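Trainee: Take this structure first; my questions come after.
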Amino acid sequence: MTEPTSEKLGIILDRHRRDGTRLMQILRETQEALGWLSPPTLTAIAQGIGWPRAKVEGTAGFYSFFHTRPMGEYRVLWSDNITDRMLGSLDLMQAMCQKLWLEPGRVSEDGLVSVDTTSCTGMCDQGPAVLVNYRAIPRMTLARVEQMVELIRTRTPLAEWPQAWFVVEDNIRRADILLGNDMLPGDALKVCLARGADQPTMETASNERSFREAIHTGDAGPGATLDEIKRSGLRGRGGAGFTTGLKWEACRNARGDSRYVICNADEGEPGTFKDRVLLTRQPNLVFEGMTVAAYAIGASKGYLYLRGEYRYLLEPLESVLATRRRAGLLGRNMLGTPGFDFDIEIHLGAGAYICGEESALIESLEGKRGVPRNRPPYPVTNGFLNQPTVVNNVETFAAAALVALNGGDWYRRIGTPRSAGTKILSISGDCERPGLYEYPFGVTVRQVLADCGAHDSQAVQISGPSGICIGPDEFDRRIAFEDIPTAGAFMIFDMRRDIFDVVRNFIHFFAHESCGFCTPCRVGTTLLKNLMDKIAAGHGTRYDINEIYNLNRVLQSAAHCGLGHTAGNPLVHTLEKFRPAYERRLTSLEFEPAFDLDAALSEARQMTGRDDAAAHLATEPEASR
Amino acid sequence: MSEQTFTLDGQEIPFATGQSVMQAALSAGVFIPHLCYHPEFRPHGSCKLCTVKINGRPATSCTTPAAAGLEVESDTQEILDKRRTLLQMLLVEGNHFCPSCEKSGHCKLQALGYELGVMTPHFNHFYPDRPVDASHPDVLLDFNRCILCELCIRASAEVDGKNVFALAGRGIGKHLIVNAESGKLGDTDFALTDKAAQVCPVGVILAKRQGFAVPIGQRRFDAAPISAHVDEFRPVAPQAGGKP
C-alpha cells in the first residue's frame, strides 16, 4: 500500500473512531477515495478496526456496491426493474455497451468503465434510470447514452456532467396529511413536552432513566405520547403492518442499558419510491417522528438506514440534521428540557435488498453481512448492539410525528376503522401520470387507476414482487390492511404487456437478492429462476409448472425469512390468474419428449412412398394443445 | 424439572427449561435430521433440514425453545418430502461425488440421503467452479463439498479463537473463505488439532496423508444409519443461556 493511500485510509478510520460497527461506512468511504477495495486495503481496514480480516472481506463481499475487484473508473449500473425494462432500459444498455465496445458485467480493457444491471433504484416513475458511480440519473434516452459515452471516453469528472441529468423529480400527484404537511420543525415535540408539563422533571426525578421510565403510562409525559400513538391505531408502513404503539411500548418496557430508534429507509422493494420523496420533501417530519419515538421509549440515539441507491440524499439530509441541532431539536437538553437528549446519524447501505428486513438491517448497521437473525428474540428487546430497538419505516415515523402533534383521535378518524390514516402509493408502469399518490386507507384499486390515467389495465402488482398480482376482476378491492395491505408499490401493466416477462424479472430479482443464509432460499430461488428461463426458452412443459408449485411449497414452509417465504408468490399468483401467459410458451401441456418419433419415421415413409394419415403417428388432434 | 413435556409425532418428550425442541428430542433418543446443528455449538438454523411443524406451523426445531404442550410433527410424509428436496438442493449446489470422496461413510449429507431415501439429485447440477486449496502442509480444503453450515467458522471463532474461516459473497454465490490476504489456508495459523478441523459434516476439511484409513464398508454410517447414532448428537452439557 502506497503512503498516500494508507494516509487516506487512516483519516477515514480515525473519522469512524476505528469502530468495527461502522465498517459499512468505512468501506464505502474507502471505496469512494480509492476506487475499489483491494486485498491489501481490506487487510489494513481489518487491522485498523481490530477485526479478523476474513470477517471484513465477508462484509465487503456481501453487498453489491462494494467491489473487491476493480470495476472501472466509471461504473454504470442500469436499474433492472420491470418498469425500467418497459421504458426501454435493455435496448439503451445494449446501445451503451456497443458504443463502449463492452460486454455487460465486464470492465473495459483499459480499466475505464464497466456497465451492468442492478436491482430497482427507486426511479420507476422516471425511468429508465442508471447509477453512475452510485449517483442516480433518471430519464435515460438514446441521446443521453451517446453524450454519456462521450463524457466517459474523455474522462470528464462526474461533477462536470450536465447537472440537469441528476435532477430527481418528486412527482407528487395527490397529497394528503403527509405529503401536504406544513408543520414547523419542533411543533410535534413541543406538544409532546406540553403533555408532560405537570409531570416530574430532572429536578424531581432521581436520574434521567427514572425521568423517562417512572411514568409507565398515563395522561402525561412520554407515556402520554405513547398513549396517543396507541390510540391512533397507527400500523407499520413497511409492509408487515405491526401496531406501532405496541412495538414502542414493548421496547420501552424491555430491559436494556440503552435504547435505539432506527428509521428503515432501505427502500428496496422494486416499484417503491415513496421514502425517497418523503426524505426529499418532508425530512423534518421524518426526523421529528424519530425524535418523538425517542421521547416515548427513552432512547438517546437514532439511525437512519438509507439505501445506497439514495446516496445523493446523504448531504441534504445531513444539512437538515445540522439545522435541527442548531435549533435545539437534536442534541442535548432539546427544547431546553434537561435530560431530553437525542441525536440521529445516517448510515448508508450498499445495495442489498435483504437489509430492508429489520434484523438484517441491524446486522448491517453493526458492520456485518446483512443476514436476518433467528427470531425470537425480536429487536424490541434485543436489537442494535443487543439493546432494545425500535425499527420503523420512513412513512411510519412521518405519520407518528403528526399523531404526536394532532392526537391519536384525529388520526384514527382518517381511513377505515381497521386501517387508520393515509397510505402513500408509488405508482409506475402503464399510466399517464406516474408518481406519488397519498390516499386515506380504503381507496379502491379502480379509483387509483382512474386517478393516474391507466387504460386497458391487465394487471396491477401491489407491494412489489413479494406482494400480490391482481387482475381486472379484483380492481374493486381496497388498499387497506383488511383487504390489500401494501408498503406502497403499485405497478400497472396494460394489455400490451406479457405477464410472463414481468414474473421472470421478479424471480431473477429474488435470486439475485437472496442473502444465501438458508438452503431453501439460496438454492430454491436459483432453481425457480432456471425453471422460468427454461420455459422462456421454449423448453417448458407442465412438469416444470408442477416443479414451480413444489419449490414454492418448500420455500414457504422452510425459508428463514420473508424474502424466501414470498419469492415464489409472483409465480403462483400469476399461474392462478394469468395461466395462458405460461401455457402458450409450453411446448406441451403434458409431456415433451426429447425424441420425435414421427419425424424419425419420415425416412420409412419416403422409402415406401406413403404420406397418408395412417403413416403418421399423430396420436392427438392439434387442437388439444 | 423433567415433568414438562411436549409431544413429537404423538410421543411424549420430556425437556429441561432452556432446551430446544431438537435438544429435547435427541436427549429422548428421537432423531431429527440436521446438518448445521452440533451439540457443542449454539443453534444456527440455516440448513433447514430440521424443519418440523409445531402446532401446525413450520419451524426449525434447533432454534425453537421447547415448551410444555407443544405438538410437534416431524416424521410425516409432507415433512420428509421437503427434507428430501432440501438434500437434493444441497447435492446439486455443490460437487458431490461420493464414490471418490474420502468422507464417504462418514459424511452426514450422504448418510441423511440414505436415511431419507434420496434416490436421485432430481434437479440439474449447478457444477460450480470451486478450486481446492492444498496450500496447508497438513490439511486439504475441498470447497466442492461445502454445504455452508458454518460449523468450521463457529468452531474456529468460539473454540480455537482463531477466526480462520468466514463467509463471503451472497445468495447462490455465497462461499467459504480463509482468513489470509492470499486467501490460502497455508497462510493462516490453522492446525490439524483445531476444533474447526474436526467439525465438518461433509468432506471439505481433510487431513492429508490419512486417506481411507478405514475401508469403505466399515465406516460410521456404513455400520448403522445416521438415525441409529442419535446418542452422539445428545446435548453435551446443560445449555447455558447463551446468545441465540
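The values are calculated or read from the model by the stated rules, or taken from the named source; none is laboratory data. These figures come from a predicted structure and were not determined experimentally. All Cβ positions, glycine included, derive from the backbone under ideal geometry; neighbour counts span all protein chains shown.
Trainee: For the range A:490-508, does any single residue satisfy the condition of being farther than 15 Å from A:Leu571 by Cβ, within 14 Å of chain B (Cβ to nearest Cβ) and part of a loop (DSSP other than H, G, I, E, B)? Show your work before the answer.
Mentor: So in the range A:490-508, the residues farther than 15 Å from A:Leu571 by Cβ come out as A:490-497.
If we keep only those that are within 14 Å of chain B (Cβ to nearest Cβ) as well, we get none.
No, there is no match, as no residue in the range A:490-508 is farther than 15 Å from A:Leu571 by Cβ, within 14 Å of chain B (Cβ to nearest Cβ) and part of a loop (DSSP other than H, G, I, E, B).
Trainee: Scan the helices (runs of 4 or more DSSP H) fully inside the range A:1-72 and keep the ones with 3 or more residues being crowded, with 16+ Cβ neighbours inside 10 Å and within 14 Å of another protein chain (Cβ to nearest Cβ).
Mentor: Values: elements: A:3-15, A:23-34, A:39-49, A:53-62.
Helices (runs of 4 or more DSSP H) meeting the threshold: A:39-49, A:53-62.
Trainee: Those residues that are under 21 Å from the mean Cα position of the chain (by Cα), closer than 18 Å to B:Phe126 by Cβ, of a type outside the set (Ser, Thr, Tyr) and assigned to a helix (DSSP H, G or I), I need them from the range A:509-549; list them, please.
Mentor: Scanning the range A:509-549 gives A:Phe510, A:Ala511, A:His512, A:Cys521, A:Arg522, A:Lys529.
Trainee: Hey, among B:Glu102, B:Glu71, which residue is modelled with pLDDT of 95 or more and either farther than 19 Å from A:Leu555 by Cβ or outside the structural domain of B:Arg219 (by TED's automatic domain parsing) (or both)?
Mentor: B:Glu71
Trainee: Among the listed residues B:Val52, B:Val72, which satisfies the condition of being within 14 Å of chain A (Cβ to nearest Cβ) and over 15 Å from the mean Cα position of the chain (by Cα)?
Mentor: None of the other options fit; the residue is B:Val52.
Trainee: Further, regarding this structure: Filter the range B:159-187 for residues that are under 25 Å from A:Leu528 (Cα atoms) and facing another protein chain (nearest Cβ under 8 Å); which is surrounded by the most Cβ atoms within 10 Å (Cβ to Cβ)?
Mentor: So the residue we want is B:Arg170.
Trainee: Right, another one. Going through A:Ala511, A:Ala536 one at a time, which residue ends up being within 11 Å of chain B (Cβ to nearest Cβ) and of a type outside the set (D, E, K, R)? Give the steps one after another, and end with the answer.
Mentor: Values: A:Ala536 fails: within 11 Å of chain B (Cβ to nearest Cβ).
A:Ala511 is the lone residue from the list that is within 11 Å of chain B (Cβ to nearest Cβ) and of a type outside the set (D, E, K, R).
Trainee: Hey, another quick one. Report whether or not A:Thr280 is under 30 Å from A:Trp78 (Cβ atoms), in contact (Cβ under 8 Å) with a residue 24 or more places away in the chain, among the hydroxyl-bearing types (Ser, Thr, Tyr) and part of a helix (DSSP H, G or I).
Mentor: yes
Trainee: On the given criteria, is A:Arg69 basic (Lys, Arg), closer than 19 Å to A:Ala352 by Cβ and under 25 Å from the mean Cα position of the chain (by Cα)? Let's see the steps before the verdict.
Mentor: Numbers: basic (Lys, Arg): yes; closer than 19 Å to A:Ala352 by Cβ: yes; under 25 Å from the mean Cα position of the chain (by Cα): no.
In short, no.
Trainee: Kindly indicate whether B:Ser156 is within 19 Å of B:Tyr37 (Cα to Cα), of a type in the set (S, T, N, Q) and within 13 Å of chain A (Cβ to nearest Cβ). Before the answer, list the steps.
Mentor: Working: within 19 Å of B:Tyr37 (Cα to Cα): yes; of a type in the set (S, T, N, Q): yes; within 13 Å of chain A (Cβ to nearest Cβ): yes.
Spelling it out, B:Ser156 is indeed within 19 Å of B:Tyr37 (Cα to Cα), of a type in the set (S, T, N, Q) and within 13 Å of chain A (Cβ to nearest Cβ).
Trainee: Among the candidates A:Met24, A:Met93, A:Met86, which residue alone is within 24 Å of the chain's Cα centre (by Cα) and within 24 Å of B:Ile153 (Cβ to Cβ)?
Mentor: The unique qualifying residue is A:Met24.
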